[in-house]
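Following: one structure in structure tokens, then a few remarks.
The values are calculated or read from the model by the stated rules, or taken from the named source; none is laboratory data. Predicted model only: the values in this text are computed from it and were never measured. Counting neighbours? That spans all protein chains shown, and the Cβs are built from the backbone with ideal geometry, glycine included. With ligands, DNA and RNA removed, areas are computed over all heavy atoms of the protein, side chains included. Shrake-Rupley method; radii C 1.70, N 1.55, O 1.52, S 1.80 Å.
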Amino acid sequence: MTEPDSMPEFMIRTVDLHKSFKTVKAVNGVSLNVRKGDIYGFLGPNGAGKTTTIKAILGLLNQDAGKVYLNGMDTSEVGVEARVGIGYLPERAQFYRNLTAYQTMEFFAELKGVDKGQCDELLKKVGLESWRDAKVGTFSKGMVQLLGVAQSLLGDPHLLILDEPTSGLDPRWARVLKDIILEMSAKGTTVFFSSHLLFEVQELCNKVAILNRGQLVIEDTVENISDGIQLKPHLILRVAKDGDVVGQLLRAGGFSDVTVAGNQITVSVEKTEKTKVLHIIEQAGYEILDFKTEEPSLEDAFLGYIGDEATAGGIQVDKKKPKMEEPEEPSFAEPVPSDEEVDA
């Protein structure tokens with residue numbers, strides 16, 4: 001009899017996950033906790049192990065050690081049952097080039113065992129209704145990505161896993177995708193997505209994990225991550241003239257992080273030091289035209305956490321190969337058959 005997860009409030013839970021490819025430890029002891037209903041951002045530089053972790057969660061590769069629980073079920077015991085009701089968009093979606101958009105949707109609806117009546121509705125949702133009967137081989141990269149989004153939504157999944165979902169999308173369709181994520185979340189769907197665009201994660205996510213060199217650096221809310229490394233806010237001022245001179249005055253006044261661009265000056269300050277900056281400038285006789293404060297962003301925090309001081313450390317086993325890369329693996333229907341191999 002399969003033992004249920006002792007923490008059923010989580011939709012995804014990984015425990016001490018490990019995966020190596022020859023001499024490279026792509027995932028090294030990663031433990032994630034994704035609560036039901038969360039929009040969860042999975043961040044990390046290229047080669048951090050994000051895609052390998054996602055594929056282990058989905059059962060597309062076998063981990064060397066560790067546990068994966070989905071919706072309270074141990075995937076090593078009931079892998080197929082645990083993964084029913086998951087929608088997945090891989091980093092590089094590929095489809096049969098000789099099928100039309102609608103035929104592709106039908107194909108995936110059959111694979112998932114869900115109602116084909118959703119196919120046209122979902123193509124419309126992602127803006128592909130006019131290309132319903134066009135072959136995928138004629139699609140741009142962005143259109144293929146939109147088709148991938150549409151197929152991931154088939155069957156109203158309770159868990160949506162998206163690997164770099166806005167890759168190849170122009171700003172308009174990236175915005176549509178964000179709206180879709182918010183809409184699915186409002187319905188109770190748990191959304192787990194990786195991204196290198198930090199503003200997306202900051203805008204959408206309840207919780208964030210940062211992965212670096214195969215290890216989990218931190219898992220927390222956006223606010224706590226930003227607060228955790230005590231980044232200073234930026235005071236941005238515009239003076240009437242002599243921006244370089246004003247910048248020198250501020251450095252002489254004890255502010256080391258000062259950037260000048262024309263007559264715009266950016267100073268990193270503690271919240272209690274803002275009035276000191278303004279006082280130094282006004283006392284020197286310079287006019288401040290306007291100023292504003294910018295709080296530290298997730299991007300600032302991300303760079304802080306993956307820097308040399310904050311990283312969990314290198315885990316490259318073979319020191320002759322200092323650059324670690326995630327091995328490329330096929331996604332969906334690879335290899336894609338030629339037009340001769342598929343009779344439309």
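Classify the stretch 146-219 as rounded, prolate or oblate from the Cα gyration tensor: take a ≥ b ≥ c as the square roots of its eigenvalues, call it rounded if a/c is under 1.5, otherwise prolate when a/b beats b/c and oblate if not.
Working: a/c = 1.73, a/b = 1.37, b/c = 1.26.
Prolate shape, in that a/c is at least 1.5 and a/b is the bigger ratio.
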Per residue value of the accessible surface for the stretch 12-58 (all protein chains in place, 1.4 Å probe), Å²: 30
Cα-Cα over 25 Å, subset of K112/K207; K241/K274; K50/K207: K112/K207
Accessible carbon and sulfur surface of the stretch 61-163 relative to its total accessible area, %, 1.4 Å: 48
Inter-label distance, nm, simple model (7 Å from Cα along the C-beta direction), A65/Q94: 3.3
Where labels lie 7 Å past Cα in the beta-carbon direction, separation of V84 and S140 in nm: 4.0
